[in-house]
Amino acid sequence: MSEPHRVAGGHKAAIANPNVSEEAKDHSRQVLNSLEKSGDLDYDAGKVDKNPGNVIGGKKAAIHNPRVPEETKDRLRDELAEDGVEVEK
C-alpha cells in the first residue's frame, strides 16, 4: 500500500508543474482533497522519523549560511537552546 504523504507529495508536484495539463491538475487537487478529508495525511508523523543529529546539524549549517536572514538565524538559535545545544553567535 502506498504511503499517503508520498502520494500527496506527487500530486502537489503535479499541480506545481507547468508541463502538466489542467485536467491532470484538477485530478490531483481532487485526490489531495480526498486524502485530507480522510485523515490519512498525518503531517506530524514525518517528524518522528527525523534523525535528531541531522536536524541539529541542519540548523547549525543554516546559522552559518550568509544567505539566511538574521531573523531566521535568531529563531534557530532559540530552538537549539531549547534543545540544550549551544551555538556561538
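The values are calculated or read from the model by the stated rules, or taken from the named source; none is laboratory data. Not measured: the values here are computed from a predicted model. For neighbour counting, all protein chains shown are included, and Cβ atoms are generated from backbone atoms with ideal geometry for every residue, glycine included. All accessible areas refer to the heavy atoms of the entire protein, side chains included, with ligands and DNA or RNA removed. Shrake-Rupley method; radii C 1.70, N 1.55, O 1.52, S 1.80 Å.
If you scan the range 76-89, which residues turn out to be in a helix (DSSP H, G or I) and open to solvent by less than 100 Å² (accessible area, probe 1.4 Å)?
Passing the criteria: 76, 77, 78, 79, 80, 81.
Conditions (1) hydrophobic (A, V, I, L, M, F, W, C); (2) assigned to a loop (DSSP other than H, G, I, E, B); (3) modelled with pLDDT under 95, marked per residue:
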residue: 2; (1), (2), (3): no, yes, yes
residue: 7; (1), (2), (3): yes, no, yes
residue: 11; (1), (2), (3): no, no, yes
residue: 26; (1), (2), (3): no, no, no
residue: 31; (1), (2), (3): yes, no, yes
residue: 40; (1), (2), (3): no, yes, yes
residue: 43; (1), (2), (3): no, yes, yes
residue: 46; (1), (2), (3): no, no, yes
residue: 62; (1), (2), (3): yes, no, no
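List the pairs whose first member sits in the range 60-75 and is open to solvent by less than 100 Å² (accessible area, probe 1.4 Å), whose second member is charged (D, E, K, R), and whose Cβ atoms are under 6 Å apart, counting only residues at least 6 apart or on separate chains?
63/73
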